[in-house]
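Peer 1: To start, I am sharing the structure in question, which I have written as structure tokens.
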Amino acid sequence: MSFQTGLSGLNGASKSLDVIGNNIANANTVGMKYSRTEFSALVAGQLGAAGGSTSTTPGIGVAVGNIAQQFTQGNISITGNNLDVAINGGGFFQITLPDQSTAYTRDGQFKLDSSGNLITNGGANVMGYPTDLLGNRTSITPQNMTIPTNAPIPAQATTAITAEFNLDARTKPAIQSTPPTPISTYGTTMTAFDSQGNEVPVSLYFVKRGPDTTVNPAVTVDTWDVFDANTVAAGTTAMNTNAARYATHTANVAYNTANPAPADQKPTFAAAGTGAFVAPALTIVATGALFQLNYDVNGKLTSPLATQTLTLNSPNTAIGPFTTTLDLSKTTQYGTTFAVSNLTQDGYTAGDLTGISIDESGVITTRYSNGESQARGQLLLADFRNVQGLTQIGGGNWTESFASGQPVLGNPGLGKFGGLRSGSLEDSNVDLTGELVNMMTAQRNYQANAQTIKTQDQIMSTLVNLR
């Protein structure tokens, strides 16, 4: 049996060298998981002596029990290519091979084909979940990840404007200044867009009206008039009129104080006090403002809390006026300088694709020349109860088997699934130094087993030559 034992040793050492050679050959293969050879002893039987003494059977050699892949984490190297994706932790990318079968890989060297499909180097489609433009998943059914690259995104008309700012509480009502405070003193501008992506300037102006209990009608709370480009001209005219009437009222009050005789009294606002009489020319006219902002004693907006409607004028007469909502609910009135902290709108012009990025959760985002970013799907990850039960099919891919169990799908970065690193790749987990040491050990094993066969041959020759 010594020949058989030695031959089994040669075969085992040869298989070990095959595995080591494969590991070394793939030391630079992205997503590669090294393998190790696991041996088991062969015996002919258990013929132990009575009383529990040890067996006298020497064994008949060795067999390769398993070639097991080791799914430890490989180092992550930065590549700078946004379509390179590494998994930092557990999980596999799910892909659909050209023959429409499903496979799994750790190799994140993705590309775009001529149709905008995200594919591997082997031409397999990368799978993920569909999302809305904000990155919220809209389905749990995996689909091919496709990125529109053949045409610009269309323009979108502005439908909502939000402004956040502080109005200076120290400001006097505009008509109390001489000359009156210009409407343009407190204002802000931005650019909106019509349905064709044409730029539409938006201007908002804010004018302090009160509190002022001396005017007619009286203003009893902190109030600001709001104007836009469509109402600013009429508002300016009304402001000048009211400022002139207020100046007349102020001068008449001073005159009446110096000349208290009833016959000498000049008209003032009704609230000027005893002895004054009302004149229609000294009534505050409507300013034509879009609406008023009212604040409480703490500087918080009390009305209007709902969004207002703003009419914008497209430069294209075929489009004409169109409406958008205006949200000023987060504005304040504190005793500090007027300042705009946030000004946003949801419209944009058409834009060409300028870049693609993938975040840690797998959401694919496209960037466009108009400054917009849109989510185009989310990469999914798959995991198995027994990853060593996966069947390796080449190309850095695996398929599920009975031993591995069925895949569990999920989002990167959640639960047991690792996070993604865009612009990076997971290196092979092969320890080249360790494999070289293993290779020398396997070589010695092979030589030693060959020596047992040679020695057995010499013994057999001695027996044959006995006389």
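The values are calculated or read from the model by the stated rules, or taken from the named source; none is laboratory data. None of the values given here were measured: they were computed from a predicted structure. Every residue, glycine as well, gets a Cβ built from its backbone with ideal geometry; the counts of neighbours run over all protein chains shown.
Peer 1: Scanning for something of a type in the set (A, V, I, L, M, F, W, C) and modelled with pLDDT of 90 or more, does region 359-371 turn up at least one residue?
Peer 2: The answer is yes, given that some residue of region 359-371 is of a type in the set (A, V, I, L, M, F, W, C) and modelled with pLDDT of 90 or more.
Peer 1: Still on this structure, please answer the following. Filter region 142-200 down to the residues that are under 26 Å from the mean Cα position of the chain (by Cα), closer than 26 Å to Ala286 by Cβ and of a type outside the set (Val, Ile, Thr) and list them by number.
Peer 2: Ala163 - this is the single residue of region 142-200 that is under 26 Å from the mean Cα position of the chain (by Cα), closer than 26 Å to Ala286 by Cβ and of a type outside the set (Val, Ile, Thr).
Peer 1: Is there a residue being at pLDDT 90 or above, over 30 Å from Ala375 (Cα atoms), basic (Lys, Arg) and buried (at least 17 other Cβ atoms within 10 Å of the Cβ) anywhere in region 197-208?
Peer 2: yes
Peer 1: A follow-up question, please. Tell me the residue from Ile175, Ile161 that is outside any loop (DSSP other than H, G, I, E, B) and closer than 23 Å to Gly347 by Cβ, please.
Peer 2: Every option except Ile161 fails the conditions.
Peer 1: At least 1 residues that are within 13 Å of Arg421 (Cα to Cα), at pLDDT below 95 and over 20 Å from the mean Cα position of the chain (by Cα) in each: list the strands (runs of 3 or more DSSP E) lying fully within region 72-127 that qualify.
Peer 2: Strands (runs of 3 or more DSSP E) meeting the threshold: 76-78.
Peer 1: Counting only residues that are surrounded by 12 or more Cβ atoms within 10 Å (Cβ to Cβ), over 22 Å from Gln73 (Cβ atoms) and of a type outside the set (Lys, Arg), how many does region 102-120 have?
Peer 2: Of the residues in region 102-120, 8 are surrounded by 12 or more Cβ atoms within 10 Å (Cβ to Cβ), over 22 Å from Gln73 (Cβ atoms) and of a type outside the set (Lys, Arg).
Peer 1: Taking the criterion of being part of a helix (DSSP H, G or I), surrounded by 13 or more Cβ atoms within 10 Å (Cβ to Cβ) and of a type in the set (Gly, Ala, Ser), would at least one residue in region 449-457 satisfy it?
Peer 2: Within region 449-457 (the criterion being part of a helix (DSSP H, G or I), surrounded by 13 or more Cβ atoms within 10 Å (Cβ to Cβ) and of a type in the set (Gly, Ala, Ser)), the answer is yes, since at least one residue qualifies.
Peer 1: For Gly31, state whether it is small (Gly, Ala, Ser), touching an Asp or Glu at 6+ places or on another chain (Cβ under 8 Å), at pLDDT 80 or above and in the same structural domain as Met439 (by TED's automatic domain parsing).
Peer 2: yes
Peer 1: So in region 6-23, with the set limited to residues that are closer than 17 Å to Gly434 by Cα and in contact with a strand residue (DSSP E or B) (Cβ under 6 Å, 6 or more places away or on another chain), which one is surrounded by the fewest Cβ atoms within 10 Å (Cβ to Cβ)?
Peer 2: Selected residue: Val19.
Peer 1: Filter region 287-338 down to the residues that are farther than 28 Å from Gln156 by Cα, part of a loop (DSSP other than H, G, I, E, B), in contact (Cβ under 8 Å) with a residue 12 or more places away in the chain and not hydrophobic (A, V, I, L, M, F, W, C) and list them by number.
Peer 2: Thr287, Gly288, Asp296, Gly299, Gly335, Thr336, Thr337
Conditions tested, residue by residue: (1) closer than 23 Å to Gln196 by Cα; (2) in contact with a Phe, Trp or Tyr (Cβ under 7 Å, 6 or more places away or on another chain).
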| site | (1), (2) |
| --- | --- |
| Leu118 | no, yes |
| Asn125 | no, no |
| Gly128 | no, no |
| Thr138 | no, no |
| Thr141 | no, no |
| Asn144 | no, no |
| Ala151 | yes, no |
| Ala157 | yes, yes |
